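Heads up: the structure comes next, in structure tokens.
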Amino acid sequence: MVGAVIMAKKRTDALMPISHYLFLSLALFLIGCIGVTTRRNVIIVLMSIELILNAVNINLVAFSRYFAMLRDKSSPSSSLPTRPPKQSSASASSWPSFAIAKPSSPTKWIS
């Protein structure tokens with residue numbers, strides 16, 4: 001049991017290079033393009049289009065994870081804040097209160 005846990009940890013630490021994903025995506029894209037251009041059967045053409053879309057999806061996910069990994073390595077504190085900083089004003093209201101505030105009377109907005 002302990003050996004399985006150690007092996008699982010070793011597998012999660014190893015990352016596949018982005019080139020593997022790009023080669024897989026290229027192969028799927030080429031197979032899809034060949035299928036679209038050479039086949040006349042509608043089902044085969046639709047399956048080939050699906051292969052092309054899957055290749056694009058693999059590229060998007062691979063580059064997304066790659067750039068996220070680069071961003072985390074370069075500066076981990078550069079991520080966007082989850083909420084705006086507190087204002088130093090003396091008002092006790094919180095920052096989203098302007099979006100849900102209702103006027104006390106309709107005449108205030110007109111005049």
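FYI, it's all coordinate maths here, none of it is from the lab. None of these values were measured; they are calculated from a predicted model. Glycine also receives a Cβ, built like all others from the backbone with ideal geometry; neighbour counts cover every protein chain displayed.
What list of ³J(HN,Hα) couplings, whole Hz, do you get for the stretch 32-40 from phi and the Karplus terms 6.51, -1.76, 1.60, once you set θ to phi - 60° and write x for glycine and proline?
Ordered by residue, 3J(HN,Hα) equals x, 5, 5, x, 5, 7, 9, 9, 10 Hz.
For q = 0.29 Å⁻¹, what log10 I(q)/I(0) does the stretch 16-75 give under the Debye formula with an equal point scatterer on each alpha carbon and no solvent?
-1.05
Count charges around Tyr66 for me, please; just the other residues with Cβ under 14 Å from its Cβ, Lys/Arg as +1, Asp/Glu as -1.
Spelling it out: positives minus negatives among the neighbours equals +2.
Ordered by residue, what ³J(HN,Hα) values in Hz, to whole numbers, does the stretch 57-72 give under the Karplus form 6.51 cos²θ - 1.76 cosθ + 1.60, where θ = phi - 60° and Gly and Pro are x?
So the Karplus estimates, Gly and Pro as x, are 5, 4, 4, 4, 5, 5, 5, 5, 5, 5, 6, 5, 5, 5, 5, 5 Hz.
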